[in-house]
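Report on one structure; see the data block that follows.
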Amino acid sequence: MLAAAVLVVAGCEGLGEDNSSTGSGPTASHGRAVSPLKNPDGTKPGLAPLTTDADKATARKLIEELSTKGRGPKTGYDRDKFGYAWMDPADGVPLARNGCDTRNDLIRRDGQNLRFRPGSDCVVIAMTLDDPYTGTIIEWRKQKATEVQIDHVVPLSYSWQMGSSRWPEAKRKQLANDVLNLIPVQGRANSAKGDSGPASWLPPNKPIRCAYAVRFAQVAIKYEMPVTAADKQMMLRQCGG
């Protein structure tokens, strides 16, 4: 059984336990990253750019499937309504109930040169991350935690405003812990994003923006969640639409 201890990496909604930070290194290569078009369940690492006309056409077709509506009020939103942070027993999503909490699963998925806590094959204490949002390499250490945060591609509060306030709690727990909706990224970029949709925030790394739009669309489609018309338009634009 994998150890279920907690990795100290800040979550996308202020869930970090350590407020120190570390610097980013050279430009990332996306060497291990997989295109979201070839990773529909989110179990493969990273977020590789979409570069061919054919892939961008496929991306636009996917984004066109999204329904739209206005963003509702945030009244009643609370992170706890999506379950406790990084819960392993969030049934119905990949990597659930494997004895390792969700964010450690994500670090193990996307990190390289992993170092584990002695006696554990779950808790990562050091790793190298090719950050898709900034296009830089981050040498992460547990002692300096918050340079890497786990981003909800579709923010939980955004989902609340787009209808998850009416979902069963089990479905909200799935969204919060679904690896399709989760990417380890630079903490500063994640903090800048907040609960924004694509019309208000896109990754600073421009080559990744179409892939980011595809991943946002994949999550929304899986959970039958609309996006705003402005977000859909911006997503199409990133893929040449």
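The values are calculated or read from the model by the stated rules, or taken from the named source; none is laboratory data. Computed from a predicted structure; not experimentally measured. So basically every Cβ, Gly included, is an ideal-geometry build from the backbone, and we count neighbours across all protein chains shown. Accessible surface areas use protein heavy atoms only, side chains included; no ligands, DNA or RNA. Shrake-Rupley method; radii C 1.70, N 1.55, O 1.52, S 1.80 Å.
Miscellaneous remarks
- By accessible area with a 1.4 Å probe, ligands and nucleic acids excluded, highest first: order of Glu147, Glu64, Glu224, Glu139: Glu224, Glu64, Glu139, Glu147
- Couplings 3J(HN,Hα) of region 79-96, computed from phi: 4, 5, 6, 10, x, 5, 5, 6, 6, 5, x, 8, 5, x, 10, x, 6, 5 Hz, in residue order, whole Hz [Karplus 6.51 cos²θ - 1.76 cosθ + 1.60, θ = phi - 60°; x for Gly and Pro].
- Overall shape: oblate for region 29-164, with the ratio a/c of the largest to smallest alpha carbon gyration tensor axis at 1.5 or above and b/c at least equal to a/b.
- Sequentially through region 49-65, phi angles give Karplus couplings (6.51, -1.76, 1.60; θ = phi - 60°) of x, 9, 10, 8, 4, 5, 5, 5, 5, 4, 4, 4, 4, 5, 5, 4, 5 Hz, Gly and Pro residues having no value and appearing as x.
- For region 119-130, putting each phi into the Karplus relation 6.51 cos²θ - 1.76 cosθ + 1.60 with θ = phi - 60° gives couplings of x, 10, 10, 10, 7, 8, 10, 7, 5, 10, 10, 7 Hz, in residue order, rounded to whole numbers and with x for Gly and Pro.
- Taking all protein chains together, Ile137, Ile221 sort by accessible area into Ile221, Ile137, largest first [probe 1.4 Å].
- Counting only DSSP beta bridges with both residues in the chain, the antiparallel share comes to about 85 percent.
- Which labelled figure in [x] 140; [y] 108; [z] 117 is volume of the Cα convex hull per residue in Å³, once derived from the coordinates: [y]
- In this structure, the amide hydrogen of Ile125, modeled 1.01 Å from its nitrogen in the peptide plane, lies closer than 5 angstrom to those of Arg115, Phe116, Arg117, counting only residues at least 5 positions away or on a different chain.
- Near-label residues of region 152-182 by backbone N, under 14 Å of a point 7 Å along Cα→Cβ of Lys69: 159-168
- Rounded if a/c under 1.5, otherwise prolate or oblate - region 128-241, Cα gyration tensor axes: oblate
- nm² value of the averaged projected area, convex hull over the Cα atoms of region 127-180: 4.8
- Cα shape, region 50-90, gyration tensor, a/c 1.5 rule: oblate
- Too-long pairs where the Cα-Cα distance tops 31 Å, listed order kept, from Lys81/Lys232; Lys61/Lys81; Lys81/Lys206: Lys61/Lys81; Lys81/Lys206
- Separation of alpha-carbon centers, region 56-91 and region 123-174, rounded to whole Å: 13
- Order by protection proxy (mean Cβ within 10 Å, highest first), peptides 86-99, 42-55: 42-55, 86-99
- Using a probe of 1.4 Å on the protein chains alone, the accessible area found for Ser165 is around 50 Å².
- Estimated from helices alone, the mean residue ellipticity of the chain at 222 nm is -8000 deg cm²/dmol (sum of -39500 (n - 2.57) over DSSP H runs with n ≥ 4, per residue).
- Here's how it looks for Asp151: its modeled amide H is under 5 Å from those of Ile183, Val185, which are all 5 or more places away or on a different chain.
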